[in-house]
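Undergrad: One structure, as structure tokens, below. Some questions next.
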There are 2 protein chains.
Amino acid sequence: MAVRRIDVREKVMAKNDEFAVQVRDRLHAHGVPSLNLGSSPGSGKTSLLERTLDALGDNLRIAVVTGDVQTQNDADRLAAHTDRLVQAVVTGGACHMDARQIFTALDEIDLEDTDLMFVENVGNLVCPASWDLGEDAKVVIFSVTEGEDKPLKYPRMFERSDYCVINKTDLLPYLPFDIDRAVAYAREVNPDLRFFFTSALTGDGLEDWYEFLTVFARVERAIRA
Amino acid sequence: MAVRRIDVREKVMAKNDEFAVQVRDRLHAHGVPSLNLGSSPGSGKTSLLERTLDALGDNLRIAVVTGDVQTQNDADRLAAHTDRLVQAVVTGGACHMDARQIFTALDEIDLEDTDLMFVENVGNLVCPASWDLGEDAKVVIFSVTEGEDKPLKYPRMFERSDYCVINKTDLLPYLPFDIDRAVAYAREVNPDLRFFFTSALTGDGLEDWYEFLTVFARVERAIRA
């Protein structure tokens, strides 16, 4: 059973990676930097994007492709925070987005009119880590309500991410959560992770995140220009 | 791509279901009721089991099989709360446990000396919903930090569960979380769900849960006797 799953998995992955290359090529041809956000359900990805669209949307032309297992709730929430099209991908039960879905979504985005693209993946700390969607970098969002040892228990997502947003810091006074230990565990898995400490509810720490996004978009565009 | 995935998935699922039947038969032959706990990462499954072992372990002989992607942290935590063997299943990257893993785990459990078996699945609200592990019922644990709409966004886990534990209620004063709306959404997906409202941290609401487990174990054993 295990062997059969791996064989097929490799074929499906290879096909995915072909689409990921095409996504990346198209984005780079238009100088559009992209970030793929992954996390557990309920870590605050959508809230973080809502605030980001509010704060940066006037200066940065942001495209969003948001994936969900069954609803388009996240896309509806985000659409209220931008005049631009928010693309909803419903995976129909699948536990992650794949690169072909992003490839198709790109047809609807005016890439010449885009400074930064977010992909908001399905809420799942396991499967999305393995799928290259053609993004420049993965960002793992990690809520302080989840327990410090999540980087050790779900290492792949932390290994494959370049950035880690530790979110819901407003709840720290009410939780037995040691943020230094969480960072140390995440660094054990990936010493190169860059951290942001945010509360998408109160706005605490978001200035760092906005500053990073602005610089990231500028630098990535400059590299491709 | 989609078609191939579905074909193979069906074969793998059929094989899983054969093992699930064998697990269920073995458990029922010994009169052992079983519950499969599923949730997002960080919902408090392990904490709930720790307290359950502390509270009921003297009167109920509880077996635990706990699955994790990479570590055996959860098994180590639980082992401190019981004199009985806690079985760790490391899925090696896989996003859910399968029935063959439970079938193998049963070899190590003295079923004649067991009143109730818990399976603590990998923290993932998507994939584990689709896999029958031979349990009598699934329990979905849902943290109030995750947002009220999770039952709509991840409906399969809520559809396939008989019981729903809404956990971390101690954080309600600090969250924009409407517990009535969460229950209403969960009932939309599955009108037959039975709810428990708990804080595994403070112990609030756990008496209901303990009472249920005691009755569940007694009734299920009586049915098989």
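The values are calculated or read from the model by the stated rules, or taken from the named source; none is laboratory data. No experiment lies behind these values; they were computed from the predicted model shown. Every residue, glycine as well, gets a Cβ built from its backbone with ideal geometry; the counts of neighbours run over all protein chains shown.
Undergrad: Anything in segment B:172-205 that is closer than 29 Å to residue A:96 by Cα and surrounded by 15 or more Cβ atoms within 10 Å (Cβ to Cβ)? List them, or say none.
TA: Matches in segment B:172-205: B:175, B:177, B:179, B:182, B:183, B:185, B:186, B:187, B:189, B:190, B:193, B:195.
Undergrad: Given the structure, is residue B:161 modelled with pLDDT of 95 or more, of a type in the set (Gly, Ala, Ser) and either touching a strand residue (DSSP E or B) at 6+ places or on another chain (Cβ under 8 Å) or more than 27 Å from residue A:176 (Cβ to Cβ) (or both)?
TA: Details: modelled with pLDDT of 95 or more: yes; of a type in the set (Gly, Ala, Ser): yes; either touching a strand residue (DSSP E or B) at 6+ places or on another chain (Cβ under 8 Å) or more than 27 Å from residue A:176 (Cβ to Cβ) (or both): yes.
Taking the combined requirement at face value, the residue satisfies it.
Undergrad: Another question, then. From A:115, A:98, grab the single residue that is surrounded by 22 or more Cβ atoms within 10 Å (Cβ to Cβ) and in contact with a helix residue (DSSP H, G or I) (Cβ under 7 Å, 6 or more places away or on another chain). Quick ask: steps written out before the conclusion?
TA: On the way: A:115 fails: surrounded by 22 or more Cβ atoms within 10 Å (Cβ to Cβ).
Sole residue among the options that is surrounded by 22 or more Cβ atoms within 10 Å (Cβ to Cβ) and in contact with a helix residue (DSSP H, G or I) (Cβ under 7 Å, 6 or more places away or on another chain): A:98.
Undergrad: Right, another one. Looking only at segment A:137-168, which residues are among the hydroxyl-bearing types (Ser, Thr, Tyr) and crowded, with 21+ Cβ neighbours inside 10 Å? Give the derivation first.
TA: Of segment A:137-168, the ones among the hydroxyl-bearing types (Ser, Thr, Tyr) are A:143, A:145, A:154, A:161, A:163.
Scanning segment A:137-168 gives A:143, A:145, A:154, A:161.
Undergrad: Do you know which residues across segment B:92-107 are among the β-branched types (Val, Ile, Thr) and within 16 Å of the chain's Cα centre (by Cα)? First the steps, then the outcome.
TA: Taking segment B:92-107 first, the residues among the β-branched types (Val, Ile, Thr) are B:102, B:104.
Hit for segment B:92-107 is B:102, nothing else.
Undergrad: Among the residues of segment A:209-220, is any of a type in the set (Val, Ile, Thr), more than 19 Å from the chain's Cα centre (by Cα) and within 25 Å of residue A:32 (Cα to Cα)? If you could, list the steps in order and put the result at the bottom.
TA: Just the residues of segment A:209-220 that are of a type in the set (Val, Ile, Thr), to begin with: A:214-215, A:219.
Those left that are additionally more than 19 Å from the chain's Cα centre (by Cα): none.
No; the residues of segment A:209-220 include none that is of a type in the set (Val, Ile, Thr), more than 19 Å from the chain's Cα centre (by Cα) and within 25 Å of residue A:32 (Cα to Cα).
Undergrad: Would you be able to tell me the number of residues in segment A:176-225 that are within 21 Å of residue B:171 (Cβ to Cβ), among the aliphatic types (A, V, I, L, M) and at pLDDT below 95?
TA: 0
Undergrad: List every residue pair whose Cβ atoms lie under 9 Å apart, where the two residues are 6 or more positions apart in sequence or sit on different chains, the first residue falls within segment A:145-169 and is on the phi > 0 side of the Ramachandran plot, and the second residue, located anywhere, is part of a strand (DSSP E or B).
TA: Pairs found: A:168/A:143.
Undergrad: Sticking with this one: Take residue B:90 and tell me if it is surrounded by fewer than 22 Cβ atoms within 10 Å (Cβ to Cβ), farther than 27 Å from residue B:58 by Cβ and among the hydrophobic types (A, V, I, L, M, F, W, C).
TA: Values: surrounded by fewer than 22 Cβ atoms within 10 Å (Cβ to Cβ): yes; farther than 27 Å from residue B:58 by Cβ: yes; among the hydrophobic types (A, V, I, L, M, F, W, C): yes.
In short, yes.
Undergrad: Inside segment B:14-32, can you point out the residues that are under 15 Å from residue B:217 (Cα atoms) and touching a Lys or Arg at 6+ places or on another chain (Cβ under 7 Å)?
TA: Residues satisfying the conditions are B:28, B:31.
Undergrad: Now, a different point. So if I check each of B:85, B:133, B:78, which one is in contact with a Leu (Cβ under 9 Å, 6 or more places away or on another chain) and closer than 27 Å to residue B:55 by Cα? Before the answer, list the steps.
TA: Working: B:85 fails: in contact with a Leu (Cβ under 9 Å, 6 or more places away or on another chain); B:133 fails: in contact with a Leu (Cβ under 9 Å, 6 or more places away or on another chain).
Result of the check over B:85, B:133, B:78: B:78.
Undergrad: Could I ask something else about it? Select from segment B:34-63 the residues that are crowded, with 23+ Cβ neighbours inside 10 Å and either more than 29 Å from residue B:147 (Cα to Cα) or acidic (Asp, Glu) (or both) and list them in ascending order.
TA: B:63
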